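Enquirer: Please see the structure below; I have some questions.
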Protein chains: 2
Amino acid sequence: MKRYQVVGIGNAMVDILAQASDEFLAENGIGKGIMQLIDMDRAVALYDRIGPAREVSGGSAANTIAGVAHLGGRTAYVGKVREDQLGHIFAHDLRAQGAVYETRMAPPESPEETGRCIVLVTPDGERSMNTYLGCTEFLHPDDIDPAMMAEAEWIYLEGYRFDGPDSHEAFARAIRAAKGAAGKVALTLSDPFCVERHRAAFRNMIVADVDLLFANRAELVSMYESNDFAAARAAAAAEVSILVATDSENGVHVLAGEEALHVPAVPTRIVDATGAGDMFAGAFLWGLAEGHGLEICARMGNIAASEVISHIGARPEADLRALFRQHGVI
Amino acid sequence: MKRYQVVGIGNAMVDILAQASDEFLAENGIGKGIMQLIDMDRAVALYDRIGPAREVSGGSAANTIAGVAHLGGRTAYVGKVREDQLGHIFAHDLRAQGAVYETRMAPPESPEETGRCIVLVTPDGERSMNTYLGCTEFLHPDDIDPAMMAEAEWIYLEGYRFDGPDSHEAFARAIRAAKGAAGKVALTLSDPFCVERHRAAFRNMIVADVDLLFANRAELVSMYESNDFAAARAAAAAEVSILVATDSENGVHVLAGEEALHVPAVPTRIVDATGAGDMFAGAFLWGLAEGHGLEICARMGNIAASEVISHIGARPEADLRALFRQHGVI
């Protein structure tokens with residue numbers, strides 16, 4: 001048995017969550033429902049304008065790994081924070097959830113602070129993300145421990161990470177080590193604009209190395225440059241062993257060889273959509289690592305996503321295993 | 001018209017909120033429902049043991065002032081943070097709520113960081129507080145601007161602040177300036193153990209200077225060393241113009257000269273009791289400053305308290321004025 005079921009690599013972030021109106025987004029040039037990269041000056045200026053906020057650990061893959069850990073999975077995370085108060089908060093929350101997190105912190109004198117994401121939640125529950133990457137942008141290939149990757153049944157790569165300068169090499173190093181030890185590779189496309197920025201690199205990786213691809217509708221149609229979701233799914237499914245294509249309240253499509261499933265979403269009142277995709281992936285991967293079939297994994301993902309969008313913050317608050325039992329999936 | 005309706009002085013804190021079981025409290029020597037002062041070593045050790053947390057600005061009087069600001073009141077706060085990430089979070093959240101906050105930050109190289117309170121919320125919604133005062137302990141009398149105090153209709157003093165070394169002198173300076181300009185003085189006793197530590201000093205201040213005293217049952221019986229809540233109320237009412245004695249779900253007693261009111265609590269499901277007393281005081285003081293009668297002020301306080309205990313975190317999330325309208329108090 002390998003030490004880890006899932007090892008995630010991504011941008012380590014603390015989320016700054018505040019409520020905002022659609023007018024506020026428009027006045028401040030914030031694209032609704034997407035992730036925009038911002039620099040420190042913009043982060044400071046925007047923070048000055050938003051209302052009272054709360055701080056919770058975030059980061060897309062980190063949320064996913066927190067979900068795996070919450071479910072009792074054997075899991076670890078790689079992503080860089082600085083040795084500052086937000087960095088300690090990030091590290092604490094991940095470890096307290098039961099994940100292994102050993103990435104060396106950037107020293108306190110580093111010019112770039114721990115990354116943060118100003119998440120503005122509109123009354124409809126949609127989240128618009130403004131990300132100052134900070135020191136997490138500088139995750140170095142040396143931060144990837146090949147021995148850890150070799151001990152992973154799955155490595156889970158966050159598409160956002162491609163925005164960092166050394167990320168391609170870091171991912172390549174992780175993939176080599178994992179595959180060299182018969183591990184599998186999962187990738188999430190993260191965001192349609194992220195796909196725009198890195199389409200060719202994503203494509204190469206998908207074709208060469210990815211076993212399981214997570215993407216939502218907007219990401220997938222961007223990736224395959226088709227406005228037809230079904231056609232984009234077919235194109236992706238031809239390139240990976242398992243395609244998991246989420247479509248918000250319309251549920252999820254899973255394509256794997258001859259198998260083609262559509263699994264409906266779990267209806268919920270949306271309070272804050274932050275983390276829905278992350279938590280879907282965490283539950284799906286945990287299910288897979290536990291040996292469940294694809295339909296059960298998709299149902300677990302939908303249940304976990306419905307929990308996380310029913311409250312503010314991107315990590316589970318209710319007991320997901322209890323919810324799985326209530327829904328009869330375990 | 002004075003510039004401020006209420007100026008609060010207290011311990012500036014960021015709350016670290018986590019769920020915990022009663023067993024966890026017992027194993028870690030944490031007194032349930034009370035505030036314990038802890039040093040940095042204990043803060044670090046305890047933080048290592050708690051589960052994933054979220055960070056929100058707190059501090060008793062700061063919560064009260066945030067409540068006054070939320071209601072649209074003219075208000076300011078005095079309390080010390082360090083120039084670090086948590087300090088900036090504290091300052092942002094208070095200003096973003098509409099309060100004036102100008103206290104000079106301790107410089108980043110100060111040995112004591114921004115104060116924090118590890119708040120453990122048990123399944124019954126009760127909160128047990130573990131406070132590392134940090135730099136807020138060192139609020140200096142020079143941090144009290146007499147001109148600001150003279151511009152206050154009410155100054156609101158947090159009993160917890162008596163745990164700081166120079167606090168008596170700082171409070172005396174604030175009281176002199178406020179009273180010298182016909183301002184009034186409100187005091188909250190904060191906590192029964194805080195009363196134990198400072199009974200004589202509190203008593204002197206109450207007799208000499210306090211116009212409005214906020215206390216809950218445990219604090220009042222400790223203050224007047226009587227197990228009879230009614231007797232303690234009578235003793236306190238003989239010493240202040242207005243006594244506001246809260247008693248959790250049993251409502252609140254207001255005694256003012258010949259007037260004696262009992263106003264029932266607003267029934268709510270308790271999620272997190274943190275901030276109930278603070279928000280009661282904020283709404284009560286705002287009502288008073290707006291010229292409402294004591295019964296309406298008490299009803300406002302109860303409505304505001306019921307809102308803040310219905311969710312995690314000590315500051316209002318719903319629109320309190322809208323709730324006041326729903327309840328017919330404005």
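The values are calculated or read from the model by the stated rules, or taken from the named source; none is laboratory data. Owing to the predicted nature of the structure, the values given are computational and were not obtained by experimental measurement. Cβ coordinates were reconstructed from backbone atoms using ideal geometry, including for glycine residues, and neighbour counts include every protein chain displayed.
Enquirer: Looking only at residues that are assigned to a strand (DSSP E or B) and among the polar types (S, T, N, Q) in segment A:130-140, which one is farthest from residue A:11 (Cα to Cα)? If you could, list the steps in order and put the result at the bottom.
Expert: Here is the first cut: in segment A:130-140, the ones assigned to a strand (DSSP E or B) are A:130-132.
Keeping just the survivors that are among the polar types (S, T, N, Q) gives A:130-131.
Details: A:130: 13, A:131: 10 Å.
Within segment A:130-140, the match that is farthest from residue A:11 (Cα to Cα) is A:130.
Enquirer: In segment A:53-71, which residue that is within 14 Å of chain B (Cβ to nearest Cβ) and either surrounded by fewer than 24 Cβ atoms within 10 Å (Cβ to Cβ) or polar (S, T, N, Q) (or both) is farthest from residue A:143 (Cα to Cα)?
Expert: So the residue we want is A:53.
Enquirer: Quick one: in segment A:72-83, of everything that is over 23 Å from residue A:167 (Cα atoms) and over 17 Å from the mean Cα position of the chain (by Cα), which residue is farthest from the other protein chains (Cβ to nearest Cβ)? Break it down stepwise before answering.
Expert: First, the residues of segment A:72-83 that are over 23 Å from residue A:167 (Cα atoms): A:72-74.
Retained after the next criterion (residues that are over 17 Å from the mean Cα position of the chain (by Cα)): A:72, A:74.
Details: A:72: 14, A:74: 18 Å.
My answer is A:74.
Enquirer: Kindly provide the set of residues from segment B:75-105 that are in contact with a Gly (Cβ under 8 Å, 6 or more places away or on another chain) and of a type in the set (A, V, I, L, M, F, W, C), ordered by number.
Expert: Listed by number, the residues that qualify are B:76, B:78, B:81, B:90, B:96, B:105.
Enquirer: Would you tally the residues in segment A:239-283 being closer than 20 Å to residue A:326 by Cβ and under 14 Å from the mean Cα position of the chain (by Cα)?
Expert: Residues in segment A:239-283 being closer than 20 Å to residue A:326 by Cβ and under 14 Å from the mean Cα position of the chain (by Cα): 5 in total.
Enquirer: When the residues of segment A:6-51 are filtered to those that are over 17 Å from residue A:126 (Cβ atoms), more than 23 Å from the chain's Cα centre (by Cα) and within 14 Å of chain B (Cβ to nearest Cβ), which remaining residue is surrounded by the fewest Cβ atoms within 10 Å (Cβ to Cβ)?
Expert: Filtering first and then ranking leaves A:48.
Enquirer: Further, regarding this structure: Restricting attention to segment A:292-310, which residues are surrounded by fewer than 19 Cβ atoms within 10 Å (Cβ to Cβ) and either under 18 Å from the mean Cα position of the chain (by Cα) or hydroxyl-bearing (Ser, Thr, Tyr) (or both)?
Expert: A:310
Enquirer: With without any contact (Cβ under 8 Å) to a residue 40 or more places away in the chain and out of contact with any His (no Cβ under 9 Å at 6 or more places or on another chain) as the only criterion, which of A:305, A:289, A:232, A:265 stands out? Even if it seems obvious, please write down each step before you answer.
Expert: Values: A:305 fails: without any contact (Cβ under 8 Å) to a residue 40 or more places away in the chain; A:289 fails: without any contact (Cβ under 8 Å) to a residue 40 or more places away in the chain; A:265 fails: without any contact (Cβ under 8 Å) to a residue 40 or more places away in the chain.
Result of the check over A:305, A:289, A:232, A:265: A:232.
Enquirer: For segment B:1-48, enumerate the residues that are without any contact (Cβ under 8 Å) to a residue 40 or more places away in the chain and either in contact with a helix residue (DSSP H, G or I) (Cβ under 8 Å, 6 or more places away or on another chain) or under 24 Å from residue A:52 (Cβ atoms) (or both).
Expert: Step one: list which residues in segment B:1-48 are without any contact (Cβ under 8 Å) to a residue 40 or more places away in the chain, which gives B:1, B:23, B:26-29, B:41, B:44-45, B:48.
If the condition is that a residue be without any contact (Cβ under 8 Å) to a residue 40 or more places away in the chain and either in contact with a helix residue (DSSP H, G or I) (Cβ under 8 Å, 6 or more places away or on another chain) or under 24 Å from residue A:52 (Cβ atoms) (or both), then B:28, B:48 are the ones that fit.
Enquirer: Could you list, in sequence order, the residues of segment B:107-118 that are away from chain A (no Cβ under 13 Å) and either in contact with a Leu (Cβ under 7 Å, 6 or more places away or on another chain) or within 15 Å of residue B:59 (Cα to Cα) (or both)?
Expert: Hit for segment B:107-118 is B:117, nothing else.
Enquirer: I'm trying to understand the selection: among the residues of segment B:156-179, which are within 14 Å of residue B:211 (Cα to Cα), in a helix (DSSP H, G or I) and of a type outside the set (A, V, I, L, M)?
Expert: B:176, B:179
Enquirer: Checking residue A:147 against (1) farther than 17 Å from residue A:17 by Cβ; (2) in contact (Cβ under 8 Å) with a residue 24 or more places away in the chain; (3) within 14 Å of chain B (Cβ to nearest Cβ): exactly one of these is not met. Which one?
Expert: (3)
Enquirer: For residues that are among the charged types (D, E, K, R) and either within 10 Å of chain B (Cβ to nearest Cβ) or under 15 Å from the mean Cα position of the chain (by Cα) (or both), tally how many sit in segment A:84-106. Explain how you work it out, then say what you get.
Expert: Applying the first criterion (among the charged types (D, E, K, R)) to segment A:84-106 yields A:84, A:93, A:95, A:102, A:104.
With the extra rule that they be either within 10 Å of chain B (Cβ to nearest Cβ) or under 15 Å from the mean Cα position of the chain (by Cα) (or both), the set shrinks to A:84, A:93, A:95.
Number satisfying all stated conditions: 3.
Enquirer: With the structure loaded, tell me whether residue B:121 is touching a residue at least 60 places away in the same chain (Cβ under 8 Å) and away from every other protein chain (no Cβ under 13 Å) or whether it fails that test. Talk me through it step by step, then tell me what you get.
Expert: Working: touching a residue at least 60 places away in the same chain (Cβ under 8 Å): yes; away from every other protein chain (no Cβ under 13 Å): no.
It is false that residue B:121 is touching a residue at least 60 places away in the same chain (Cβ under 8 Å) and away from every other protein chain (no Cβ under 13 Å).
Enquirer: Please work out which one of (1) touching a strand residue (DSSP E or B) at 6+ places or on another chain (Cβ under 8 Å); (2) surrounded by fewer than 24 Cβ atoms within 10 Å (Cβ to Cβ) is the condition residue A:155 fails and give its number.
Expert: Residue A:155 satisfies all of (1) touching a strand residue (DSSP E or B) at 6+ places or on another chain (Cβ under 8 Å); (2) surrounded by fewer than 24 Cβ atoms within 10 Å (Cβ to Cβ) except (2).
Conditions (1) assigned to a helix (DSSP H, G or I); (2) under 21 Å from residue B:243 (Cβ atoms); (3) without any contact (Cβ under 8 Å) to a residue 12 or more places away in the chain, marked per residue:
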| residue | (1), (2), (3) |
| --- | --- |
| B:128 | no, no, no |
| B:154 | no, yes, no |
| B:182 | no, no, yes |
| B:190 | no, yes, no |
| B:194 | yes, yes, no |
| B:201 | yes, yes, no |
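Enquirer: Return yes when residue B:2 is surrounded by fewer than 24 Cβ atoms within 10 Å (Cβ to Cβ), over 21 Å from residue A:17 (Cα atoms) and basic (Lys, Arg) and no when it is not.
Expert: Numbers: surrounded by fewer than 24 Cβ atoms within 10 Å (Cβ to Cβ): yes; over 21 Å from residue A:17 (Cα atoms): yes; basic (Lys, Arg): yes.
Yes; evaluated as a whole, the condition is true for this residue.
Enquirer: Same structure again: Kindly provide the set of residues from segment A:106-150 that are surrounded by fewer than 19 Cβ atoms within 10 Å (Cβ to Cβ) and touching a strand residue (DSSP E or B) at 6+ places or on another chain (Cβ under 6 Å), ordered by number.
Expert: A:110 - this is the single residue of segment A:106-150 that is surrounded by fewer than 19 Cβ atoms within 10 Å (Cβ to Cβ) and touching a strand residue (DSSP E or B) at 6+ places or on another chain (Cβ under 6 Å).
Enquirer: Still on this structure, please answer the following. Do we find a residue being modelled with pLDDT of 95 or more, in contact with a Ser or Thr (Cβ under 8 Å, 6 or more places away or on another chain) and farther than 26 Å from residue A:257 by Cα anywhere in segment A:284-303?
Expert: The answer is no; no qualifying residue exists.
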